[in-house]
Amino acid sequence: MTGLARRRDRRVYLASHPVLFALLAATRGRPVRRLGSTVLVHGAEAYRTVLTRVPLDRTAAGTTGGAAGELAGPGALFDQHGDEHRGTRRGTAAMLDVATLRPIWRKLLDDRLTVLAAGGELDLVPLAAELAGATAAEVLGLDVDPVELAAAARVAAAAAARAHLPGPGRRRAEAAAATTAARLVDMVTPGGQPGEAGLRSMIAVAAINTTVAAMPRAVAWVCDDDLWKHAGDPVLTDELLRVTAPTPLLPRVAAADADVEGCPVRAGDRLLLIARHAAEAHRRRPDVTDAAPARTAQLVFGVGPHACPGAGLARAQLADLLAALAPFQPVVVRARADRKAALPGWRSLTVRAAA
């Protein structure tokens with residue numbers, strides 16, 4: 001059963017990013033490997049070193065901070081430093097309060113899962129998108145259709161990702177990215193607060209795209225590996241997020257010379273931090289009886305000042321989804337990978353009740 005779970009999950013990489021996935025798989029034998037001016041970081045300790053000790057250019061093109069600036073201007077957490085960054089992190093973490101937000105998605109799950117009780121089929125991708133959109137709308141205090149908000153955030157992220165790919169059509173992709181970003185900014189800043197546009201847009205983009213990527217993949221793994229009996233165990237939640245690694249790669253740029261596990265890094269070098277390899281997603285299956293150390297599982301959410309403030313929210317949402325689905329012990333009946341999404345994921349993942 002484990003082989004089926006891993007084979008199915010590999011499809012999301014092979015469908016959307018086949019060349020990149022092959023390159024990363026071919027180079028993961030070393031914890032750090034240089035290819036020209038790019039440094040690939042696979043090992044856990046090297047990954048931690050880059051995020052905690054190497055000075056990083058927070059606004060460089062092609063990085064998360066650079067993408068945030070292109071999306072909606074400065075002030076989006078990823079492009080900040082020092083006290084400003086710490087203050088924004090604390091404020092963002094307070095906005096993502098699980099106790100406040102949990103009733104939003106629990107009611108939605110109660111409403112949407114009735115189709116399984118009636119013997120019908122349920123596509124988990126639109127469910128995850130609606131859940132993510134409803135949560136983001138509540139966080140941002142927006143009176144908008146959660147499905148429309150989720151669609152805008154997903155389209156903006158996908159367009160931004162395509163705009164950074166080399167090859168023909170780059171200008172057209174950049175124009176599309178600008179258009180979709182403007183549409184999202186208008187939606188998340190209805191009062192026209194320009195100083196908040198960057199942060200609000202990035203909260204929507206990050207929360208919605210990671211949720212839509214992670215939740216259906218995690219459920220598919222539980223179905224294929226017959227893990228429903230462990231659905232109430234928080235260890236399973238951590239393990240599933242570790243192996244699915246919703247954001248499998250973190251692009252960064254070095255701001256100064258450094259050394260990472262014996263590999264010299266020069267200012268301006270592009271750093272590709274492979275979160276899924278650092279967290280051993282490619283080696284260790286999710287196992288509640290022999291789980292990866294918490295220090296390893298946490299790596300998919302970053303480290304230190306670069307840790308994701310939404311980690312607790314992500315764990316709570318997935319735990320509640322699994323608990324709601326467990327009585328039905330669903331099985332996957334159809335799955336179609338998304339070839340255009342910003343993050344590896346399913347375009348549709350349809351399940352039905354087996355219990």
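Hand me the trypsin sites (Lys or Arg not before Pro) from the stretch 250-292 located in a DSSP loop with no more than 14 other Cβ atoms within 10 Å, in residue order please.
Taking the stretch 250-292 and a limit of 14 other Cβ atoms within 10 Å, the loop trypsin sites (Lys or Arg not before Pro) found are Arg266, Arg283.
By the count of other C-beta atoms within 10 Å, a proxy for reagent exposure, Val243, Val260 are ordered fewest to most as Val260, Val243. In a fully extended conformation the segment linking Leu14 and Arg334 would gain 113.5 nm over its present Cα-Cα distance, using 0.36 nm per residue.
Size descriptor for the stretch 86-139, Kirkwood hydrodynamic radius: 12.6 Å (Cα pairs only, one decimal).
From the helices alone, meaning DSSP H stretches of at least four residues, give me the mean residue ellipticity at 222 nm for the chain, per-run term -39500 (n - 2.57), in deg cm²/dmol to the nearest 500.
-17500 deg cm²/dmol
Largest GNM mean-square fluctuation among Ala213, Ala278, Ala258, using the chain with Cα springs under 10 Å: Ala258.
For Val333, the residues whose modelled amide H falls within less than 5 Å of its own, excluding neighbours fewer than 5 places apart on the same chain, are Thr350, Val351, Arg352. Charge dipole (Cα centre; +1 on Lys/Arg Cβ, -1 on Asp/Glu Cβ; no other charges) of the stretch 2-352 amounts to roughly 1220 debye.
Quick one: net charge of Asp224's neighbours, Cβ under 9 Å, K/R +1, D/E -1?
Cβ neighbours under 9 Å give a net charge of 0.
Given +1 at the Cβ of Lys and Arg, -1 at the Cβ of Asp and Glu and no other charges, the dipole of the stretch 119-234 around its Cα centre is 740 debye to the nearest 20. Applying the Karplus relation 6.51 cos²θ - 1.76 cosθ + 1.60 with θ = phi - 60° to the stretch 315-320 yields 3J(HN,Hα) values of 5, 5, 5, 5, 4, 5 Hz, where x marks Gly and Pro.
Reported to the nearest whole Å, the Cα centre-to-centre distance from the stretch 316-344 to the stretch 262-298 is 23. Evaluated on the stretch 195-267, the Kirkwood hydrodynamic radius is 15.4 Å, with distances taken between all distinct Cα atoms.
Put in line by how crowded their Cβ is, counting other Cβ atoms within 10 Å and starting with the fewest, Ile203, Ile104 read Ile104, Ile203.
Pick from Ala197, Ala159, Ala26: which residue has the top mean-square fluctuation in a GNM of the chain where Cα pairs under 10 Å get a spring? Sorting by GNM fluctuation, first place goes to Ala26. Remark: the Arg266-Arg53 segment gains 75.3 nm on full extension, using 0.36 nm per residue and subtracting the alpha carbon distance. Normalised by the number of residues in the chain, the mean separation of alpha-carbon contacts (under 8 Å, six or more apart) gives a relative contact order of 28 percent. For Ala137, the shell of other residues with beta-carbons less than 12 Å away shows a net charge of -4, using +1 for Lys and Arg and -1 for Asp and Glu. Placing unit charges on each Cβ (+1 for Lys and Arg, -1 for Asp and Glu) gives the chain a dipole about its Cα centre, and among Ala163, His17, Gly120 the Cα reaching farthest toward its positive end belongs to His17.
In the stretch 2-352 the Cα-Cα distances spread across 20 Å bins starting at 0 as 31, 61, 8, 0 percent of all pairs.
Readers should treat all values here as calculations from the given coordinates under stated rules, not as data from a laboratory. Predicted model, so just to flag it, every value in this text is computed and none were measured. Here the Cβ is made from the backbone with ideal geometry for all residues, glycine too, and neighbour counts use every protein chain on show.
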